[in-house]
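This report concerns only the one structure given below.
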Amino acid sequence: MDYVNINGKTVPTERARIAVADRGFRFGDGVFETIALHDGILYQWELHEQRMAEGLAALRIPLPSYDMVKLVRRVIRKNALRDGFVRISISRGVGSRGYRPLPDISPTLVIECMPFGEAKEAATTLWLSRYTKPPTSCFPTQFKTAQGLNSTLAIMEADAQGCGDALLLTHDGQLCEASSGNLFWYQDGALHTPATSTGCLRGTTRDAVLRLSPYPIKHQNTWLDTLQHAECVFITNCNLGIMPVSALKPQGWQWKAYHQVIGELQSLYRLDIKRYVDQHR
């Protein structure tokens, strides 16, 4: 039997309920974090905790008063999980007059966990989506907000074209991110990634790559054609890790899925996970 925690109470998943009037359900009014669990340790927990707090502050949602670490560990133990994911979702709570939230409502907290999925593909293909990344002037796109319709539509479009993920540009055509991860490419001896000013997510796996890379890093505001000249391309998230990109469709551009740079970064990333787990036992 699987278990989740809702507002501090751990219950079987099939008995878990949130209110119909919850603003997370009604409007996507909240944030979430998905954290990789390795041998019982939450990898880069500090980064996830910080991003979650900053995302809540950006949405003007108060941080729930629960001991988050204690509740997360309780759910992990209850599910007897050693390797997988923990997902923390926090909505503004119950109480609305249309889009306007009622004053003094309490946030809703949901903590769930799940094992890793099946083995990942060695590389993925991207589809250039007709959907673009909303600018930061629309809402704080650098955080993991519960409003995920943009990415949902883009990845459904990629699925329909037989691709593993979608490439999102900014509204003015600059490189931004994939629908489910951050974007990197290697060119002229340096590792490149879109600058956060493009509205891309402040990904924790992105942070790990930036921290671990032995190559110079260039944060870019640049155009799609830049990728055509890259030696290799990859995307990152806590599920995929570092995932090589073999092609962009419908452009027909192709890259090496087994480039030395990607292999080196993947090795450094695996070592960092092991080091982090050993330090936090």
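The values are calculated or read from the model by the stated rules, or taken from the named source; none is laboratory data. Note that the structure is a prediction, hence the values are computed from the model and not measured. Every residue, glycine as well, gets a Cβ built from its backbone with ideal geometry; the counts of neighbours run over all protein chains shown.
Would you be able to say whether some residue in the stretch 97-106 is outside the structural domain of residue 244 (by TED's automatic domain parsing) and in contact with a Ser or Thr (Cβ under 8 Å, 6 or more places away or on another chain)? Checking the stretch 97-106: at least one residue is outside the structural domain of residue 244 (by TED's automatic domain parsing) and in contact with a Ser or Thr (Cβ under 8 Å, 6 or more places away or on another chain). Looking only at residues of the stretch 72-106 that are β-branched (Val, Ile, Thr) and assigned to a strand (DSSP E or B), we find that the one that is farthest from residue 46 (Cα to Cα) is 94. Here the condition is being hydroxyl-bearing (Ser, Thr, Tyr) and closer than 30 Å to residue 92 by Cβ; of 180, 246, 213, it holds for 180 alone. For residue 262, the conditions (1) touching a Pro at 6+ places or on another chain (Cβ under 8 Å); (2) farther than 20 Å from residue 187 by Cβ are fulfilled apart from (2). Checked against the criterion of being among the aromatic types (Phe, Trp, Tyr), touching an Asp or Glu at 6+ places or on another chain (Cβ under 9 Å) and closer than 30 Å to residue 227 by Cα, the stretch 79-99 has no qualifying residue.
Any residue that is modelled with pLDDT under 95, in a loop (DSSP other than H, G, I, E, B) and more than 27 Å from residue 68 (Cβ to Cβ) - is there at least one of those in the stretch 125-135? The answer is yes; a qualifying residue exists. Keeping to the stretch 157-198, report how many residues are touching a Leu at 6+ places or on another chain (Cβ under 7 Å) and among the aromatic types (Phe, Trp, Tyr). Final tally of qualifying residues: 2. For the stretch 59-78, the condition of being buried (at least 20 other Cβ atoms within 10 Å of the Cβ) and within 19 Å of residue 237 (Cα to Cα) holds for none of the residues. Determine whether residue 111 is free of Cβ contacts under 8 Å to residues at least 60 places away in the same chain and either of a type in the set (Phe, Trp, Tyr) or buried (at least 20 other Cβ atoms within 10 Å of the Cβ) (or both). No. Within the stretch 254-272, residues that are closer than 23 Å to residue 204 by Cα reach partners that are aliphatic (A, V, I, L, M) and crowded, with 17+ Cβ neighbours inside 10 Å with beta carbons closer than 7 Å, at six or more positions or on different chains, in the pairs 257/123; 262/242; 265/209; 265/242; 266/242; 269/208; 269/242; 272/208. Residue count for the stretch 213-269 satisfying the condition of being in a loop (DSSP other than H, G, I, E, B), small (Gly, Ala, Ser) and either surrounded by 15 or more Cβ atoms within 10 Å (Cβ to Cβ) or in contact with a helix residue (DSSP H, G or I) (Cβ under 7 Å, 6 or more places away or on another chain) (or both): 3.
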